[in-house]
Amino acid sequence: MTALGLNCFATFAVTWGNWHDHITNYFVRRETSGFVEGLNNKIKVIKRRCYGIYNLGRQFQHIWLDVQGRRVLFTKH
């Protein structure tokens, strides 16, 4: 890139070199990391909601409600 004087694409070229297999997998096989990203987001939300809770049992109650509570509370039996 520098031979052409196009230094503005240097960051893109490095990123493409590091991730080209993953980028092309999306277009070829529609593989994404959406599930993992969603799970990480849910974990971060749970952690934020549990700030200030020092009782470990109470914290697990909050986590259980976040993960299973809606399914348990709102499903017809």
Note to self: Just to verify a number: FRET efficiency for Glu31 and Lys76, C-beta to C-beta distance, R0 = 30 Å, to 0.05?
What the structure shows: 0.25
Item checked: Under the Karplus curve 6.51 cos²θ - 1.76 cosθ + 1.60, θ = phi - 60°, whole-Hz ³J(HN,Hα) for region 27-37, x wherever Gly or Pro sits -> 6, 7, 10, 6, 8, 9, 9, x, 4, 5, 5
Next item on the list: At most 15 other Cβ atoms within 10 Å and a DSSP loop assignment: could you name the chymotrypsin sites (Phe, Trp or Tyr not before Pro) in the chain that fit?
Entry: Tyr51, Tyr54
Margin query: As I understand it, the dipole of the chain uses +1 on the Cβ of Lys and Arg and -1 on the Cβ of Asp and Glu, about the Cα centre. Which of Thr15, Gly57, Phe27 lies farthest toward its positive end?
Written below: Gly57
Check: Put a dot 7 Å past each Cα toward the Cβ at Phe60 and Thr24; how far apart are the dots in nm?
Finding: 4.8 nm
Notebook entry, point to check: Whole-Hz Karplus ³J(HN,Hα) for region 69-74, in order, using 6.51 cos²θ - 1.76 cosθ + 1.60 and θ = phi - 60°, x for Gly and Pro?
Noted result: x, 4, 5, 6, 6, 10
Item checked: region 15-25 - phi-based ³J(HN,Hα) in whole Hz, Karplus 6.51/-1.76/1.60, Gly and Pro as x -> 4, 4, x, 7, 10, 4, 4, 5, 5, 5, 4
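Bear in mind these aren't lab numbers, they're just calculated from the coordinates by the rules spelled out. What you see is a predicted model, and the numbers here were worked out from it, not measured in a lab. Virtual Cβ from ideal backbone geometry, glycine too; neighbours counted across all protein chains shown.
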